[in-house]
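Read through the structure below, which is laid out as structure tokens, and then see the notes.
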Amino acid sequence: MFETGAFDSWPLVILGATCFAVLFAGVGMMTEFFFDGQFHVTKHVFGLSLFAFAGYILVAYQLRQESRST
């Protein structure tokens with residue numbers, strides 16, 4: 001169903017997860033700006049980006065396992 005070429009090597013997976021986490025941190029900081037009027041990193045922004053990073057790693061691991069079994 002998915003092309004797993006982006007998940008062939010772990011350094012590429014880590015790079016993708018980092019970019020994904022930075023993207024979510026940016027969204028979280030824009031949300032903080034919307035509600036507080038200033039850009040700053042809070043524990044909620046950090047938690048959001050950490051969950052995005054971990055979720056990307058988990059999905060990449062599952063896709064790598066699926067591609068090995070078929």
- Query: Among the residues of the stretch 30-49, is there at least one that is surrounded by 16 or more Cβ atoms within 10 Å (Cβ to Cβ), in contact with a Leu (Cβ under 9 Å, 6 or more places away or on another chain), in contact (Cβ under 8 Å) with a residue 12 or more places away in the chain and not hydroxyl-bearing (S, T, Y)?
  - Reply: no
- So Y56, is it at pLDDT 90 or above, surrounded by fewer than 14 Cβ atoms within 10 Å (Cβ to Cβ) and part of a helix (DSSP H, G or I): no
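The values are calculated or read from the model by the stated rules, or taken from the named source; none is laboratory data. A quick note: this is a predicted structure, and the numbers were derived from the prediction, not measured. For neighbour counting, all protein chains shown are included, and Cβ atoms are generated from backbone atoms with ideal geometry for every residue, glycine included.
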